[in-house]
Amino acid sequence: MHTQANFTFVARNPLTQKAASINPLQLTTDHERALWEEGERKAAARKAQHVATKAGASETPEQNQVDTTLPPVTVHGPSLNPSANPLTL
């Protein structure tokens, strides 16, 4: 099973809580450059979708379909029902 996630770091100035400047990433391998370019394409697609949604356009039929390539997930463990797992202090 292959799992992939996107993780974003945000730097804030502790005094102003505004965005803080950071040194840019140094992309040194072809793999790193390919990952960066993929991220740029995804960010552009998200921004375009956001603009289209704000303009009143609906999602495409492909975006409304459920991804059936992944098996259903079964969660094992304590019940999520609070009455089934009362907290004791």
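All of the numbers you see were taken from the coordinates with simple rules; none came from a lab. As the structure is a computational prediction, the values presented were derived from the model and not from experiment. Every residue, glycine among them, receives a Cβ derived from its backbone with ideal geometry; neighbour counts consider all protein chains shown.
Computed quantities for the displayed model
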{"read-out": "Potential lengthening between T53 and T8 on full extension [0.36 nm per residue; Cα-Cα distance subtracted]", "value": "13.9 nm"}
{"read-out": "Burial ordering of V10, V51, fewest other beta-carbon atoms within 10 Å first", "value": "V10, V51"}
{"read-out": "Rounded to whole Hz, the Karplus (6.51, -1.76, 1.60) HN-Hα couplings of segment 12-27, x for glycine and proline", "value": "10, 6, x, 8, 9, 6, 8, 4, 9, 6, 10, 5, x, 5, 9, 7"}
